[in-house]
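The values are calculated or read from the model by the stated rules, or taken from the named source; none is laboratory data. Just so it is clear, the structure is predicted and the values come from calculations on it, not from any experiment. So basically every Cβ, Gly included, is an ideal-geometry build from the backbone, and we count neighbours across all protein chains shown.
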Amino acid sequence: MHMDLDTFFVSVERLLDSRLKGKPILIGGVTDRGVVASCSYEARTYGVHSAMPMKRAKELCPDAIQIRGNSGTYTKYSEDVTEIIKETVPLYEKTSIDEFYADLTGLDKFFSSYQMATELRKRIIKETGLPISFGMSKNKTVSKMATGEAKPNNQMRIDYGREKHFLAPLSVSKIPMVGEKTQQTLYSLGVKKIKTIQEMPVELMEKVLGLNGVSIWKKANGIDNSRVIPYHERKSISTERTFDRDTIDVIKLKGILLAMAENLAFQLRRGEKLTSCITVKVRYSDFNTYTLQSRIPYTSTDHTLITKAMELFDKLYNKRLLVRLIGVRFSHLVEGGYQINLFEDAEEVINLYHAMDKIRDKHGDRKVMRAYGMEAKSISRFNPFKGEPPPLLANRRQ
């Protein structure tokens, strides 16, 4: 089963203010340089979509109501839905703030899994007031696409053996992983419907699109063996540095602190997480250790987190004592559907972070960095949101 909360941010805003029902809504940065984080179905009829510059969205839909949005409020409602799902299904995976998978294999031996899913959906709607849709089939891909066809606020089941029949008339753009560029490539070959891909030999798809073509061909034919990954929320991410020689070099200390905060912020974005609490730790040569933390609006941006880390360090630092260790910790983590905070950041900032993160993913997480932190050597080279989690504190020596 795949479940998706319909226009989640918009739905939450309408719960808070019923006057917004039936009206075109744009959520995101409220300035012209901002970006659309979410929009209502009424706004979509004008051609508006997520990640569109707010200025362009307003040109397409001048009567739309703009709302900045509040990630903390959305997280709270997401947690309410998550708790209901957790109580009901034996195994679930949360892939974003508003999207879930559940493995119901074997439940039909006892009662109808489709009936159970139907009752779960009704319970979520009743207890939270949020519209939600689901699709059910033999695998993740077909279920996700069934949810897309069921929307808004509906449900759909694809029986065993009917996967290819269901997929055939749909546009190739409906296949997960097919972005605008891949779609145009397929269109240029005259491939617009999934049925055409189903009739093509997989070798041809591989020749045109490489390994990605093979994956698309499998999805078009309803083949997907990926498993539902049990969901476990990681609550914090941190790193610290112990020096071989205690130091009072404040330039060095701040450079390392900046590099650590910058790298951890990248790890947050790569794991699609946001933090609302930052802690800075200082241990002096006498082994006395002090920490100071601050709550902040949910974010994963370098410039916000680095600034706050520096403020906390300035409050902690005692210039008369040698420093043995410094560390940074981000906690109160939540799922973020976007790599950075679309509610606050301008389009130029978003594009900058996307570009930097793309380089880091391809060439290494220390290939792009602020000059102030270049003297810091290795910081941490793990991805804490993939595979087995590392120890809570990554202790590195310089």
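For every residue, the table says whether it meets (1) among the acidic types (D, E); (2) outside any helix (DSSP H, G or I); (3) under 25 Å from E149 (Cα atoms); (4) modelled with pLDDT under 90.
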position	(1), (2), (3), (4)
S11	no, no, yes, no
R19	no, no, no, no
S50	no, yes, yes, yes
Q66	no, yes, no, no
Which of the numbered conditions does G161 fail, given that it passes all the others? Conditions: (1) closer than 30 Å to D17 by Cα; (2) surrounded by fewer than 20 Cβ atoms within 10 Å (Cβ to Cβ).
(1)
Test each condition in (1) surrounded by 15 or more Cβ atoms within 10 Å (Cβ to Cβ); (2) in contact with a Ser or Thr (Cβ under 9 Å, 6 or more places away or on another chain); (3) not hydroxyl-bearing (S, T, Y) for P176 and report the one that comes out false.
(1)
What's the total number of residues in region 209-220 that are crowded, with 17+ Cβ neighbours inside 10 Å and either under 29 Å from I326 (Cα atoms) or not charged (D, E, K, R) (or both)?
6
S294 - would you say it is more than 21 Å from the chain's Cα centre (by Cα), over 30 Å from R68 (Cα atoms) and among the small types (G, A, S)?
no
Out of T118, T147, T75, T141, sole residue that is in a helix (DSSP H, G or I) and touching a Lys or Arg at 6+ places or on another chain (Cβ under 6 Å)
T141
Out of Y46, Y101, I need the residue that is among the aromatic types (F, W, Y), within 19 Å of P152 (Cβ to Cβ) and assigned by TED's automatic domain parsing to the domain that holds H2. Which one?
Y46
Quick one: in region 21-39, which of the residues that are in contact (Cβ under 8 Å) with a residue 24 or more places away in the chain and not in a strand (DSSP E or B) is farthest from Q66 (Cα to Cα)?
R33
Looking at region 34-45, can you tell me whether even one residue there is among the charged types (D, E, K, R), surrounded by fewer than 17 Cβ atoms within 10 Å (Cβ to Cβ) and closer than 23 Å to P131 by Cβ?
yes
Of these, T279, T239, which one is surrounded by 19 or more Cβ atoms within 10 Å (Cβ to Cβ), more than 21 Å from the chain's Cα centre (by Cα) and touching a residue at least 40 places away in the same chain (Cβ under 8 Å)?
T239
Any residue at all in region 137-150 that's outside the structural domain of I216 (by TED's automatic domain parsing), more than 30 Å from G210 (Cα to Cα), in contact (Cβ under 8 Å) with a residue 40 or more places away in the chain and not polar (S, T, N, Q)?
no
Those residues of region 64-113 which are among the acidic types (D, E) and in contact with a strand residue (DSSP E or B) (Cβ under 7 Å, 6 or more places away or on another chain) amount to E93, D98, E99
Quick one: how many residues across region 207-222 are touching a residue at least 12 places away in the same chain (Cβ under 8 Å) and either aliphatic (A, V, I, L, M) or touching a strand residue (DSSP E or B) at 6+ places or on another chain (Cβ under 9 Å) (or both)?
5
Among the candidates I197, I223, I125, which residue alone is under 25 Å from Y74 (Cβ atoms) and either within 22 Å of the chain's Cα centre (by Cα) or hydrophobic (A, V, I, L, M, F, W, C) (or both)?
I125
Only one residue in F330, F287, F266, F313 is at pLDDT 80 or above, farther than 24 Å from G34 by Cα and under 17 Å from the mean Cα position of the chain (by Cα), so which one is that?
F330
In region 91-101, what residues are outside any strand (DSSP E or B) and at pLDDT 90 or above?
L91, D98
Restricting to region 177-231, name every residue that is modelled with pLDDT under 90 and under 24 Å from T105 (Cα atoms).
I229, P230, Y231
Could you count how many residues in region 186-197 are part of a helix (DSSP H, G or I) and loosely packed, with under 15 Cβ neighbours inside 10 Å?
2
Every residue in region 121-138 that is part of a helix (DSSP H, G or I) and over 25 Å from G222 (Cα atoms), please.
K122, R123, I124, I125, K126, E127, T128
